[in-house]
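Presented below is the structure to which this report refers.
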Amino acid sequence: MLPSPWICRFAPLIPKGGDVLDLACGSGRHSRLLAGLGYRVEAVDRDAQALNGLRGLAGVETRLADLEAGDWPYAQRMFAGLVVSNYLFRPRIDALLATLADPGVLIYETYMVGNEAYGRPRNPQFLLESQETLCWAQRRDWRVVAFEEGYVDQPCPAMVQRLCAVRGEIGGRLASAG
């Protein structure tokens with residue numbers, strides 16, 4: 001599977017030389033993209049088989065962890081970039097967002113309410129409410145670079161929400177993300 005165009009578009013905003021967390025990375029399509037851009041990536045997932053394809057990849061460290069059970073594995077870490085695609089576990093959102101360094105960039109996209117009409121996930125527990133990610137950023141006084149929500153037909157019909165938000169100053173790279 002190809003990397004998300006949303007993540008490709010905003011990944012260059014992440015401060016150079018910074019560590020990036022690819023949360024619930026699956027097979028690592030975004031970890032590969034980010035490592036190719038020169039970032040040091042921590043790719044975390046609970047699926048050991050999915051992580052196997054990333055082992056030994058330059059610039060990528062893998063971590064096998066169940067992000068929904070036990071202690072939060074990143075309580076003492078800070079990341080210049082947080083990348084999340086097609087994953088939502090609300091009980092860990094505050095802990096996740098607390099790992100964003102200053103300066104840092106959050107790039108998040110996943111399904112939202114209304115997706116029930118198109119497929120999985122259907123459980124409201126795993127669907128963002130309208131403008132939910134936007135509220136996360138606004139509560140923290142982060143600058144919203146881009147936000148969108150609604151129906152998409154690619155890569156398949158779905159209702160999605162996407163956010164790119166910046167904590168602190170990241171310099172003149174915003175113009176290049178357009």
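The values are calculated or read from the model by the stated rules, or taken from the named source; none is laboratory data. If you're wondering where the values come from, they're calculated on a predicted model, not measured in any experiment. Note that we place each Cβ from the backbone using ideal geometry, even for glycine, and neighbour counts take in every protein chain shown. Areas reflect the complete protein model, heavy atoms only, side chains present, ligands, DNA and RNA absent. Shrake-Rupley method; radii C 1.70, N 1.55, O 1.52, S 1.80 Å.
Quick look at the numbers
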read-out	value
Sole residue being at pLDDT below 95, open to solvent by 20 Å² or more (accessible area, probe 1.4 Å), within 16 Å of the chain's Cα centre (by Cα) and not charged (D, E, K, R), chosen from 33, 2	2
Subset of the range 80-113 (residues that are β-branched (Val, Ile, Thr) and either under 25 Å from residue 1 (Cβ atoms) or within 10 Å of the chain's Cα centre (by Cα) (or both))	83, 84, 93, 105, 107, 110, 113
Members of the range 51-74 found to be open to solvent by 30 Å² or more (accessible area, probe 1.4 Å) and not charged (D, E, K, R), listed by number	52, 53, 56, 57, 58, 59, 62, 64, 69, 70, 72, 73
Flag for residue 24 being within 12 Å of the chain's Cα centre (by Cα), of a type in the set (Gly, Ala, Ser) and open to solvent by 10 Å² or more (accessible area, probe 1.4 Å)	yes
Test: residue in the range 51-61 that is at pLDDT 95 or above, part of a loop (DSSP other than H, G, I, E, B) and under 23 Å from residue 140 (Cβ atoms)	no
First in the range 89-113 and among the β-branched types (Val, Ile, Thr), second anywhere and surrounded by 14 or more Cβ atoms within 10 Å (Cβ to Cβ) and in a helix (DSSP H, G or I), Cβ under 6 Å, 6 or more apart	105/13; 107/7; 107/10
Options 152, 160, 144, 113: the member that is in contact with a Pro (Cβ under 8 Å, 6 or more places away or on another chain) and either under 18 Å from residue 87 (Cβ atoms) or at pLDDT 95 or above (or both)	113
Failed condition for residue 38, given (1) at positive phi; (2) not in a loop (DSSP other than H, G, I, E, B)	(2)
Some residue of the range 6-15 being part of a strand (DSSP E or B) and surrounded by 15 or more Cβ atoms within 10 Å (Cβ to Cβ)	no
